[in-house]
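Input: a single structure, listed below in structure tokens.
The values are calculated or read from the model by the stated rules, or taken from the named source; none is laboratory data. None of these values were measured; they are calculated from a predicted model. Quick reminder, even Gly has a Cβ in these numbers, built from the backbone with ideal geometry, and neighbours come from all protein chains shown. What goes into the accessible areas is simple: the full protein's heavy atoms, side chains included, and nothing from ligands, DNA or RNA. Shrake-Rupley method; radii C 1.70, N 1.55, O 1.52, S 1.80 Å.
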Amino acid sequence: MFHNIPIRYVEPVYRPPSEAQSLILPLTDGCSWNRCTFCEMYTAPQKRFRARDEAEVLEGIRALGEQGADVRRIFLADGDALALSTRRLLVALTAIREHLPQAHRVSSYCLPRNVRNKSVEELRELADAGLKLVYVGAESGDDTVLAKVNKGETFASTRDALLKLGAAGITRSVMILNGLGGKAFCSAHAQHSADLANATQPEFLATLVVSFPSGEARFRAAFPEWEPLEIPGLLAEMEQFLDRLTLQRTVFRSDHASNWLSLRGNLPTDKATLLAQLRAAIDHPENAPLRPAWARGL
Ligand SMILES: C[S@@+](CC[C@H](N)C(=O)[O-])C[C@H]1O[C@@H](n2cnc3c(N)ncnc32)[C@H](O)[C@@H]1O
Ligand code: SF4
């Protein structure tokens, strides 16, 4: 979509599916936490966490503006650009306003820990400067599961961060990992993840199926008793999760390529339909529109 981008990319670069049309603007490389045992996204040596030099970031934004690039949406990479201080983020957002005034939506991944030391006022300043949307990988609302996968967060820390972001007027898109607790924690994971969503009422909620394209060794080392859920178990966990949701106005998506059954709807309006789709797939898998294994991915 964009050509001759005057920006340095360190591969691999990840972005949410809904940012496919966005300019990817790295403010950091890698992930400041990088210890979740299920996540291999930033483990390559070249992705060791570092903040990008401010002058380099500003020069990239200025050069894009000079090219007359028609940038409408910007995704701040990498794994948690919100790890930067409010000051550094404001400098980047201000430069975007100045040089790329058509950019009406700036978004980023965000860890709960990234906002622990940022006040609601600071977050509101970021929102006013253009930060409209953050993607938060809550993964689970269950403290045992979170500890076993070394997320470094809890139900309470994630809830507090989501409420703070919401109070600042920043749209929240929350990710939950279907199957993360395995068989033993399936119910607790489903219930507490729903409780987390209910307590924070995110504007967007997405589920992905935990998958291990490069093997489970790292994950199993910290969670040796983990027994993966097969398709019926994954769907039953989703059913339990969805059934418990009391969301008032949330766009729900379970259509990432890692999911066997693609689901999309608005909650609460489509709750009954989504549950019926799940129940039909559980009762009659032979007729269900399941994604073929070859079409799945992360
Ligand atoms: C690139 S990560 C960055 C998000 C951010 N660091 C966070 O944790 O909120 C985006 C999301 O990918 C998902 N993810 C990472 N590893 C995964 C795996 N092995 N299987 C399925 N989803 C995974 C997680 O939901 C994670 O939050
Ligand atoms: S899931 Fe997010 S916080 Fe955890 S290691 Fe991956 S990028 Fe970092």
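For the reader, a short list of remarks on this structure follows.
- Residue selected from the stretch 16-30 under the condition more than 13 Å from ligand 1 (Cβ to nearest atom) and part of a loop (DSSP other than H, G, I, E, B), by the criterion nearest to residue 88 (Cα to Cα): 27
- Residues that are touching a strand residue (DSSP E or B) at 6+ places or on another chain (Cβ under 7 Å), more than 23 Å from residue 19 (Cβ to Cβ) and more than 16 Å from ligand 1 (Cβ to nearest atom) occur at least once in the stretch 258-273.
Yes/no per residue for (1) over 25 Å from the mean Cα position of the chain (by Cα); (2) on the phi > 0 side of the Ramachandran plot; (3) among the aliphatic types (A, V, I, L, M):
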site: 47; (1), (2), (3): no, no, no
site: 55; (1), (2), (3): yes, no, yes
site: 63; (1), (2), (3): yes, no, yes
site: 69; (1), (2), (3): yes, no, yes
site: 72; (1), (2), (3): no, no, no
site: 76; (1), (2), (3): no, no, yes
site: 80; (1), (2), (3): no, no, no
site: 85; (1), (2), (3): no, no, no
site: 88; (1), (2), (3): no, no, no
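- Subset tally (residues that are among the small types (Gly, Ala, Ser), in a loop (DSSP other than H, G, I, E, B) and either within 8 Å of ligand 2 (Cβ to nearest atom) or touching a strand residue (DSSP E or B) at 6+ places or on another chain (Cβ under 7 Å) (or both)) for the stretch 31-52: 1
- Screening residue 179 with (1) within 20 Å of residue 111 (Cβ to Cβ); (2) crowded, with 22+ Cβ neighbours inside 10 Å; (3) among the small types (Gly, Ala, Ser) gives one miss only, at (1).
- Just so you know, in the stretch 218-236 the residues that are in a helix (DSSP H, G or I) and more than 14 Å from ligand 1 (Cβ to nearest atom) include one that is surrounded by the fewest Cβ atoms within 10 Å (Cβ to Cβ), and it is 221.
- Here the stretch 71-94 is the region considered, the condition is being more than 26 Å from residue 12 (Cβ to Cβ) and in contact (Cβ under 8 Å) with a residue 12 or more places away in the chain, and the residue that is surrounded by the fewest Cβ atoms within 10 Å (Cβ to Cβ) is 94.
- Scan of the stretch 237-259 for residues that are assigned to a strand (DSSP E or B) and either modelled with pLDDT of 95 or more or open to solvent by 50 Å² or more (accessible area, probe 1.4 Å) (or both), ordered by number: 250, 251, 252, 253
- Looking across the stretch 107-146, the residues that are within 16 Å of ligand 1 (Cβ to nearest atom) and assigned to a strand (DSSP E or B) come down to 107, 108, 109, 131, 133, 134, 135, 136, 137, 138, 139.
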